[in-house]
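The values are calculated or read from the model by the stated rules, or taken from the named source; none is laboratory data. Bear in mind the structure is a predicted one, so any value in this text is a computation, not a measurement. All Cβ positions, glycine included, derive from the backbone under ideal geometry; neighbour counts span all protein chains shown.
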Amino acid sequence: MRIDWVTCVFGPTFFGLVCSYFVHYVGPMQTSLTFATDNRLPEILDRLRARFPSPSVDRQDPLRQLVFGMVSEGAGPAVGVGVFNRLMAAYPHWAALRDAEPEALATLFVGLPRAAEKAEAVPEVLRAIEARVGDLSLDGLSKMNTEAAKGWLTELPGVSLAVASAVLAFSSLERPTVSIEGEAARVVRRLELCPAGAALSAVPRHVMERAPAHWRAKEFGAMSDGLKRLARVACHQGRAACAKCPLQDLCPSRNRQSATIIPFNARLKDGDTQPAAAEKVLSK
Ligand code: SF4
């Protein structure tokens, strides 16, 4: 029998043995189930911020951030901001954008990926918001917790999980959540900030679990933005251009041949299939 301070305090009774068991075995088990901070993350964030300063765009209004996120999703930062600014100049009032013809919007969306689809989706999402809350506003999200707000947003037509997370992180809602789409997820995986077999939809959670406890919306927002931009300039699909990457000495995958880096839509050895890189959470 193990004699220790718990047994001494409670005596060699059944109660003492039960207490000893919980203190020495259950306690440590619960501790091991908590997630460890990855000590590289603050340095990764500092370097990404230095290399990719955030673009200056008004991200205060959640509805404005939603439209910006939908329009710019998958586009380079300069293209996304440029098209969004043209859109706001042509449609300065939400009601006008709600009633816009997709054909008219498509002429402004030249250069965007999935331009025709976005030209349909933007007025549609405004109509859906108005139908649900009676107003063209997302201010009501401030009364929801982060997960509920994320769920509410992803039920809107054409709103991906990455865009919903960006609304919560970059707008006046300022929720501590990270927005990671397919390209940024590739960087996360190569940095081994998530398990090798993690589904795309689980990647943001893995990053958040490893982040310092004091990180807030500002830090997660900058991380989201920096990862996305690094994917475009260096961490390409296929062979990455590691020589251009500011994270080389922090990355276990640096200079690895592309053949050893499994894309998110590849079949794993044990037969599991990861979700496609373009996985989205769309409403019915
Ligand atoms: S070192 Fe290479 S593989 Fe690693 S994050 Fe940078 S570009 Fe990607």
>> Could you list, ordered by first residue, the pairs with Cβ atoms under 9 Å in which the first is in segment 172-194 and within 14 Å of the ligand (Cβ to nearest atom) and the second is assigned to a loop (DSSP other than H, G, I, E, B) and among the basic types (Lys, Arg), at least 6 apart or interchain?
In response: 190/254; 190/256; 191/40; 193/40
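Looking at 236, 214, which is the one that is modelled with pLDDT of 90 or more, surrounded by 11 or more Cβ atoms within 10 Å (Cβ to Cβ) and out of contact with any Phe, Trp or Tyr (no Cβ under 6 Å at 6 or more places or on another chain)?
Every option except 236 fails the conditions.
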> Which one is farthest from the chain's Cα centre (by Cα), of the residues in segment 129-161 that are closer than 18 Å to residue 93 by Cβ and crowded, with 17+ Cβ neighbours inside 10 Å?
Replying inline: 129
